[in-house]
Structures are given as structure tokens and as C-alpha cells.
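First up is the structure itself, then whatever we jot down about it.
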Amino acid sequence: MFKYLLALSFVFFGKNDKLFEFWKSEIIRRDKIIIHRLLREKKQRHRNFLFWWRLANEMYLNGNKLQRKAAEKINTRLLEKFGCEISLGANIGKGLKIPHHTGVVIHYAVDIGENFVIRQNTTIGQKDGDSKSARLFIGDNVDIGANTCIVGLTHRIGNNVKIGAMSFINKDIPDNCTYITRKEIRIINPDNA
């Protein structure tokens, strides 16, 4: 209960300009904050996650020590409820869309642009050997298909990129392209053939 009081104090008195911009874009979908619309729209499952994760992330980035601890508890609760782990500290622009939350994992050392779409069972993470200061850059208007794995924080994914389902990415992707991982087709003959 105390974590929610700290969250409320952050909303009213904290450094929350970006939070309201995120809520207007992702929850309310209007140009101004309308409290009753915010409370009504956050009841929808996918918007509920975004409401609480955005609040927790802004508290973690801009809050005091108690608010940071409360943000970590809220994020743990979100992981338990939705099965989606976006680490606190991730820098994600407005317009984030997660059609299906299950299995989404995003590392904290990412800078992601606006209008980012990520689907189920997708991981964005580091690889062994990445330096502590490395940050993965993903541009604006990037759409990632289901069951995709992006490994390494030293890469850059450009603007207006579509990444096909079941892709494995461990290199840079330029702007304005579609990326798929080609799979080999193998036919396994039965033992008795």
C-alpha cells in the first residue's frame, strides 16, 4: 500500500512531465490529460500494463530513493501479473505497443524511439562481452515480430524497420528495411526408409 502512496506523491509532486506525455499518447490517446478517461482506459489489460510500467519507470529515473524502491516493487508485480519484463531504466519513446505481453524481455540499457511495437516471446538483451556503458539503439517506427531475439547492446537498428517473426539479430540493421532470418528447410527421413 505504501508503494502506491509514493506513486501518488510522484504523480502530483514529482518530475513527471514525460509521464503525462506517455499517458496522453498510450493510455488516453488525446492531447490533454482527462482524469476520468485515464482511469477508464487503464482498465484495459494492455493499457493497464503501460500505465503502471510508465509510472514505475519515471519514478525509477526521476524519483527519490523511496520512490525508486517503490518503482522496483511495482515492476516486480507487473512481471508476476503480465509475464512481461521491461527493465526499469529503459528509455522508450511514446507510442509503445505490446499486443501480447507474454515473454517480452527488454534490457535496461536500450534507447528506443517512438511508435515501437514488440510482440510476444521477444528478447532484447546483452551478450557476454558487452561493456557496462554499451546501449542498444532502436529507431522510430520499429515493428518486431513474435519470437525474435536481439542479442548485443552495441548494435543499432534504424528507423522504419520491420523485423519478421522468429528472427535472430546480432548485427546492425539500416533504416527503412525489412529484416528476416532465413531458415534452412531440412527433411529428416524416417529410420525405416
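One table, with the values for the structure above:
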quantity	calculated
Residue among 63, 113, 103 that alone is out of contact with any Ser or Thr (no Cβ under 6 Å at 6 or more places or on another chain) and buried (at least 21 other Cβ atoms within 10 Å of the Cβ)	63
Only listed residue being within 19 Å of residue 96 (Cα to Cα), touching an Asp or Glu at 6+ places or on another chain (Cβ under 9 Å) and of a type outside the set (Ser, Thr, Tyr), chosen from 159, 147, 121	159
Among (1) at pLDDT below 95; (2) within 18 Å of residue 26 (Cα to Cα) - the single one residue 126 does not satisfy	(2)
Residue 146 of a type in the set (Gly, Ala, Ser), at pLDDT 95 or above and part of a loop (DSSP other than H, G, I, E, B)	yes
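The values are calculated or read from the model by the stated rules, or taken from the named source; none is laboratory data. Note that this is a predicted model, so its numbers are computed, not measured. Positions of Cβ are generated from backbone atoms using ideal geometry, with glycine treated the same way; all protein chains shown enter the neighbour counts.
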